[in-house]
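Below you'll find the structure, written out as structure tokens, and then a few comments.
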Amino acid sequence: MNHWKLKEVVVMSVLSVVFAIVYLAFLPVGKILVGFLGPIGYDLIFGIWFIVSIIAAYIIRKPGAAFLSETIAAAVEVLLGNAVGPMLLVSGMIQGLGAESAFAMTRYKRYDLFTLMLAGVMAAVFSFVWGYFLSGFAALSTGYVIAMFIARIISGALISGVIGKALSDALAKTGVLSSFALGKEYRKKRAA
Amino acid sequence: MFLHDLNPTVKALTIIGLVFLLAFLFDPVTPLIYICGTMVVTFWFGTFKKKHYVYYFLPFLLFAFGMFWTTLVFTDKSTASEENLSLFGINFPAEDVWVATSLGLRVLAFATLSLLFLFTTNMVHFILSLIQQLKLPPKIAYGVLAGYRFLPMLKTEFQQVLAAHRIRGVNKPETWKEWIVQYQRMAIPLLAGAIRKAERTAVAMESKGFTGDRDRTFYRPMKIQRKDWIFPLMMFGMLGITIALSVYFGYFSFYGGEL
């Protein structure tokens, strides 16, 4: 933790707070989809709930960024009050660990689109295993569970990986990230 | 009163432990009794506006019903028993109704526990207690506290950006599509503003001598006292008694490794 700068910590937590609100706003969206399609409705947009770990890791590029940001976002969701309860904190930690595992696999060296999408997929896999036990997916039919799993993986790769990268890149272009890893990379590119 | 004075870390860990145990129960009776017990404890030992509790509880009820309904409709049709129950004019195997009710009530049991925590805990005390009891690095903890303070500010910021867009001739969204486009247009300015402010806050903290060192003093020292252990004892004891009761009456069913 000592090689984190305070400003990175505060920016990470602000991102987490912002996306905690986004996460909460998407819960009713998920609920509407569930109403139409059954439990798979959540999985279609599940990627939105991993996005902060991908954004924070991509911007700050330090071990722990993905895990911590997702955990903080979940904690803020719990403190604001949500319909899932304190267990959401554990779900957030597990999702964060999933995303973190992808960055750890590249030894925190690669931050290209592929790695970010992989992070989304890993978060989807981790969260699905967790959800399987917590929400009792065991009661659903096997084919349906497999469809849910695939939907969640695709959603993780596309929504959190691709959109997360696009958002961070758009932010970097405004120049606010100039003192963070992503902003520095942008400056180098511009100089070259 | 007693719930407000508890050490927040002890309270949080107890609740997480309870939720974990409850997740392994697959019958509706045990969570139902436990929900009632938790509510009694919350109202008895906590002071807060009862009306707010109801407001918070209603969405949970809806969510629990959603859980019940989706499980019922999308579950593997059970063939274990011939018995059928009719709900809203549709017939379901009795066993499926049983499992669905238990999953719905489980959501409610989690909800009552989290409301117990929410309504009796001061957020700042909770974070201070996490630093002092669970050795959370102060750098993270105070960073998060600072970030949490941005929450009300984000709202005003949002209104400002919105007003600025209107002045420059962006019309009020009228269709669904325009509404989505409006949010897309807001995202980057809002995030950029928040990041700038966060960076400034961090600089201000450091300029006032914040190092993030663990070796620091606290304005509000948080300690775990002997009386703090009453709460976990009480809550786990209550769960034990509930389980014992439902075993005695033959309702109890535990996670049997169903995959």
Looking at segment B:105-120, which of its residues are more than 7 Å from chain A (Cβ to nearest Cβ) and more than 15 Å from B:M235 (Cα to Cα)? B:L105, B:R106, B:V107, B:L108, B:F119, B:T120
In segment B:170-206, what residues are basic (K, R) and either facing another protein chain (nearest Cβ under 7 Å) or free of Cβ contacts under 8 Å to residues at least 40 places away in the same chain (or both)? B:K172, B:K177, B:R185, B:R196, B:R200
Complete set of residues in segment A:1-19 that are more than 9 Å from chain B (Cβ to nearest Cβ) and surrounded by 21 or more Cβ atoms within 10 Å (Cβ to Cβ): A:F19
Taking segment A:22-41 as the search range and keeping residues that are part of a helix (DSSP H, G or I) and either facing chain B (nearest Cβ under 7 Å) or in contact (Cβ under 8 Å) with a residue 24 or more places away in the chain (or both), which one is nearest to B:A194 (Cα to Cα)? A:V22
Can you find a residue that is within 12 Å of chain A (Cβ to nearest Cβ), free of Cβ contacts under 8 Å to residues at least 12 places away in the same chain, under 30 Å from A:I32 (Cα atoms) and surrounded by 21 or more Cβ atoms within 10 Å (Cβ to Cβ) anywhere in segment B:56-71? yes
Can you go through B:F63, B:F74, B:F88 and tell me which one is within 17 Å of the chain's Cα centre (by Cα) and modelled with pLDDT under 80? B:F63
For segment B:216-230: of the residues being among the hydrophobic types (A, V, I, L, M, F, W, C) and outside any loop (DSSP other than H, G, I, E, B), which is nearest to B:Q132 (Cα to Cα)? B:W229
Could you identify the single residue in B:T38, B:T42, B:T47, B:T30 that is closer than 16 Å to B:W98 by Cα and of a type in the set (S, T, N, Q)? B:T30
Looking at A:Y42, is it buried (at least 20 other Cβ atoms within 10 Å of the Cβ), in contact with an Asp or Glu (Cβ under 7 Å, 6 or more places away or on another chain) and within 24 Å of B:S114 (Cα to Cα)? no
Is at least one residue of segment B:186-205 in a helix (DSSP H, G or I) and closer than 30 Å to B:L113 by Cα? no
Right, A:L80: in contact (Cβ under 8 Å) with a residue 60 or more places away in the chain, within 11 Å of chain B (Cβ to nearest Cβ) and either within 18 Å of B:L115 (Cα to Cα) or of a type in the set (S, T, Y) (or both) or not? yes
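The values are calculated or read from the model by the stated rules, or taken from the named source; none is laboratory data. The model shown is predicted, which means the values in this text are computed figures rather than measured ones. For neighbour counting, all protein chains shown are included, and Cβ atoms are generated from backbone atoms with ideal geometry for every residue, glycine included.
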